[in-house]
Ligand code: BTN
């Protein structure tokens, strides 16, 4: 059984594991009731008041070929948790989870290298459970409570981890193909016109599907483009 550490408050659970990755074992999980400096993708802030679930998982994979797929497996695990509670989540590629078009969960994965050598991957997850006020995260947000579901953050953590560890060995072996079907079934943008922003660049096109590696296939005026990273807007 991997260690699960609980903290009342921390700056960021991702930062906590990042600074201690060399002394903590593979599969260590840390969760906190509050974060004072929670971080989101693209250097955004992740406001982390009491009532939400904030956790990070420390992974020491043997090879680095499926790193981005670990995040997708986590997003899918969150979908399974929500479906168990009778909600209908969708995935906003690559790793946001939405319910009724509103963001309920986000994931920030970070890799730690020493030179070219991968030391660790930290998969950090925020799930809105029952915060009193939901911070505006650049898009409409929701929580389990706002969707009519009462849940205990610790139980949610255990269930998400259960699904994640169940899928982890297969994902490490096969990569995205291990989860391509269930992920695609929940991929909200499939067949729709979307814009994808990647830092400074925005591309517009039709989301044709996901490649065997989990990258987004976008049909643009210039033909099919393969997108490895970005934020999709419907
Ligand atoms: C995003 O949607 O931009 C990703 C948000 C990730 C937030 C989680 S909360 C736990 C972990 N610690 C952090 O500082 N960030 C992640």
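The values are calculated or read from the model by the stated rules, or taken from the named source; none is laboratory data. Treat the numbers as computed from the prediction; the structure is a model and nothing was measured. Don't worry about glycine lacking a Cβ; one is built from the backbone with ideal geometry, like all the others, and counts go over all protein chains shown.
Filtered by the rule that a residue be touching a strand residue (DSSP E or B) at 6+ places or on another chain (Cβ under 7 Å), within 30 Å of residue 116 (Cβ to Cβ), at pLDDT 95 or above and surrounded by 23 or more Cβ atoms within 10 Å (Cβ to Cβ), region 71-95 gives 74, 75. Of all residues in region 222-234, exactly one satisfies the criterion of being assigned to a loop (DSSP other than H, G, I, E, B) and crowded, with 18+ Cβ neighbours inside 10 Å, namely 230. Counting only strands (runs of 3 or more DSSP E) wholly contained in region 1-64, the ones carrying 2 or more residues that are assigned by TED's automatic domain parsing to the domain that holds residue 168 and free of Cβ contacts under 8 Å to residues at least 40 places away in the same chain occupy 4-10, 29-35.
Residue count for region 186-221 satisfying the condition of being touching a strand residue (DSSP E or B) at 6+ places or on another chain (Cβ under 9 Å) and not in a strand (DSSP E or B): 10. Here the condition is being at pLDDT 95 or above, closer than 19 Å to residue 6 by Cα, within 16 Å of the ligand (Cβ to nearest atom) and not assigned by TED's automatic domain parsing to the domain that holds residue 210; of 121, 99, 156, it holds for 156 alone.
Looking only at region 81-88, decide whether some residue is assigned to a strand (DSSP E or B) and over 16 Å from residue 228 (Cα atoms). Taking every residue of region 81-88 in turn, none turns out to be assigned to a strand (DSSP E or B) and over 16 Å from residue 228 (Cα atoms).
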